[in-house]
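Since the structure comes first, as structure tokens, the remarks are kept for the end.
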């Protein structure tokens, strides 16, 4: 199992690769503090879970970002990228370390909750999957999202996508700047009859505490992501659609047990499927496959997945992420990989 120190080092490199030099350097200082037996070592000593799966480094980075966002530590807020574009980790780290030492109890409490990001930039690829499906399946659509966090991507059709042919850039929703390669489907207005979602720990877009937690987990120098999140939270608060608190396997099984309505039921998720234990993944798969086998007439089922290729099929050694779509018509199953995607939604390459 990866140690806490190794997890900080791995995540530091990952942040650098994903264009966050601030978080890269911050986590590198945390790793050095662990080696030196400092406050980060004290806060993470004897971590009971799996450090990598628990993303312990991002929990700590979130605690510090929250302190900057709220002004809980004014000196830290003054040196963070939002206030100081010309930031220096040599200035930031001593203040951050002092905050961790002074606010140890508060930080320990913050570390109890797993990170949630609810990345709206993934919506470009999801939208392409829905549009591809709409050209081949009856409407209306009934949208069901698994692992939805605050449910921000339930409102995908109101986002301001930057892809020029879609003509969506002027909308008031969050601005989604994903770079698109390939002849993706044309934009069309879908008839969406219902939207629902679940999460084990759903967050409320109307809650100041939940909004802060989501904002805190955005890497502090990625201000574009923070702007998108704020706009998506406002939109979700306006629409009022909230995820239910439920286990994904139990929830989707309950929804599908009611029978499929006329049109197309679309189950979807993004960077979720690798986190539940195998038993839950199998439960999700089995209830969806069973319902797909019972499709008939104008009642179809689709499963749209933005996930690591290694978790979806036979490409176990792959490090890539893909947009994959499984659909059923009259009990017949078909599957297609539609696109290669960046896990943060920065780019996508259309295959189909």
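Elements of the type helices (runs of 4 or more DSSP H) sitting completely within segment 25-111 and holding at least 2 residues that are farther than 24 Å from residue 214 by Cβ: these cover 39-44, 89-102. So, residue 49, is that one surrounded by fewer than 16 Cβ atoms within 10 Å (Cβ to Cβ), modelled with pLDDT under 95 and out of contact with any strand residue (DSSP E or B) (no Cβ under 7 Å at 6 or more places or on another chain) or not? Judged against the criteria, residue 49 is a match. Of the numbered criteria (1) touching a strand residue (DSSP E or B) at 6+ places or on another chain (Cβ under 6 Å); (2) at pLDDT 95 or above, the one residue 169 fails is (2). Cβ-Cβ contacts under 6 Å between residues 6 or more apart (or on different chains), taken from a first residue in segment 263-277 that is at positive phi to a second residue that is part of a strand (DSSP E or B) and modelled with pLDDT of 95 or more, are absent.
Apart from one condition, residue 309 fits all of (1) crowded, with 19+ Cβ neighbours inside 10 Å; (2) touching a helix residue (DSSP H, G or I) at 6+ places or on another chain (Cβ under 9 Å); the exception is (2).
Scanning segment 328-352 for residues that are part of a strand (DSSP E or B) and either at pLDDT below 95 or surrounded by fewer than 20 Cβ atoms within 10 Å (Cβ to Cβ) (or both) returns 332, 333, 334, 335, 336, 337, 340, 347, 349, 350. Could you check segment 1-11 and list, in sequence order, the residues that are touching a residue at least 24 places away in the same chain (Cβ under 8 Å) and either touching a strand residue (DSSP E or B) at 6+ places or on another chain (Cβ under 6 Å) or surrounded by fewer than 21 Cβ atoms within 10 Å (Cβ to Cβ) (or both)? Hits for segment 1-11 are 1, 2, 3, 5, 6, 10.
The values are calculated or read from the model by the stated rules, or taken from the named source; none is laboratory data. Everything quoted here is computed from the prediction, not taken from an experiment. Cβ: placed from backbone, ideal geometry, glycine included. Neighbour counts: every protein chain shown.
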